[in-house]
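Following: one structure in structure tokens, then a few remarks.
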Amino acid sequence: MPEGTILTESGLKKLEEELDYLVSVRRNEISEQIAVARGFGDLSENAEYDEAKKEQAKVEEQITRLQATIRTATVVADDDITTEKVSIGTVVKVKDLDDGETYEYAIVGANEADPMENKISNESPVGAGLIGMKKNQTATIVIPAGTLRYKILSIRKD
């Protein structure tokens, strides 16, 4: 993760919970798998041992990455989030001025983005185009497929 990742308080909590799970549960599970695999004999021809060691390396890399992200993250405190303008931690309801549809997006840091849940990154074209906009303003956003014109209908805290 790049230094200075932006997270909401709930995003930070989610990463801390994931880290805790990896450290306190997955590490122990993998250690047990390695111990069992060692019992199968010759380690040079032991597929179970090799797979367990690969999984151990993968989990350790995830732990290191999460620790670095948490250590260097800039956390947007819930109390610092305002509904005066679109920012990280707000949910914005917009009307597409071209097709008349309405959409609602939660603006989050890149690490928390999940398009399937309408959580878009402040670094994405749509997220960046909405940041700083106020209610009733129109945002013109250039995306790879063309241009979007969104009218800001409402802004609220997530």
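Rule-based calculations on the coordinates, nothing more; no lab input. Predicted, not measured: the structure shown is a model, and the values here were computed from it. Methodologically, a virtual Cβ is constructed for each residue, glycine included, from the backbone with ideal geometry; neighbour enumeration extends over all protein chains shown.
Ranked by the mean number of other Cβ atoms within 10 Å per residue, highest first, peptides 146-154, 18-26 order as 146-154, 18-26.
State whether region 81-157 is rounded, prolate or oblate according to the following rule on the C-alpha gyration tensor (a ≥ b ≥ c being the square roots of its eigenvalues): a/c under 1.5 gives rounded; otherwise a/b larger than b/c gives prolate, and the remaining case gives oblate. Cα axes put region 81-157 in the oblate bin.
Count the net charge of all other residues whose Cβ sits under 11 Å from the Cβ of Val86, scoring Lys and Arg as +1 and Asp and Glu as -1. Let's see the in-between values first.
Working: positive: Lys85, Lys93, Lys134, Lys135, Arg156; negative: Glu84.
Here the charged neighbours net out to +4.
Extension gain for Asn136-Lys157 works out to 5.8 nm (0.36 nm per residue, less the C-alpha to C-alpha distance).
Computed over the Cα atoms of region 6-76, what is the ratio Rg over Rh, Rh following Kirkwood? Please report the intermediate quantities before stating the final value.
Numbers: Rg = 15.8 Å, Rh = 13.5 Å.
Checking Rg against Rh, the ratio lands at 1.17.
With each label modelled as a point 7 angstrom along the Cα→C-beta vector, the Ile143-Glu29 pair spans 3.6 nm. Phi angles across region 127-132 convert, under the Karplus curve 6.51 cos²θ - 1.76 cosθ + 1.60 with θ = phi - 60°, into 3J(HN,Hα) values of x, 5, x, 8, 4, x Hz, Gly and Pro given as x.
What pairs from Lys119/Lys151; Lys13/Lys58; Lys95/Lys119; Lys13/Lys151 go past 26 Å between their alpha carbons? Those over the limit are Lys13/Lys151.
When Ser10, Ser124 are sorted by how many other C-beta atoms sit within 10 angstrom of their C-beta, beginning with the fewest, the order is Ser10, Ser124. Mean sequence separation of contacting Cα pairs (under 8 Å, at least six apart), scaled by the length of the chain, corresponds to a relative contact order of 23 percent. Three semi-axes describe the equivalent ellipsoid of the chain; taken as square roots of 5 times the Cα gyration tensor eigenvalues and ordered largest first, they are 44, 17, 11 Å. Under a Gaussian network description of the chain, with springs only between Cα atoms under 10 Å, the residue in Val126, Val86, Val142 that fluctuates furthest is Val142. To the nearest Å, what is the center-to-center distance of region 3-42 and region 111-158, using C-alpha atoms only? A separation of 34 Å, based on Cα centres. Give me the net charge for the shell around Gly146: Cβ to Cβ below 13 angstrom, other residues only, Lys and Arg +1, Asp and Glu -1. It works out to a net charge of -2.
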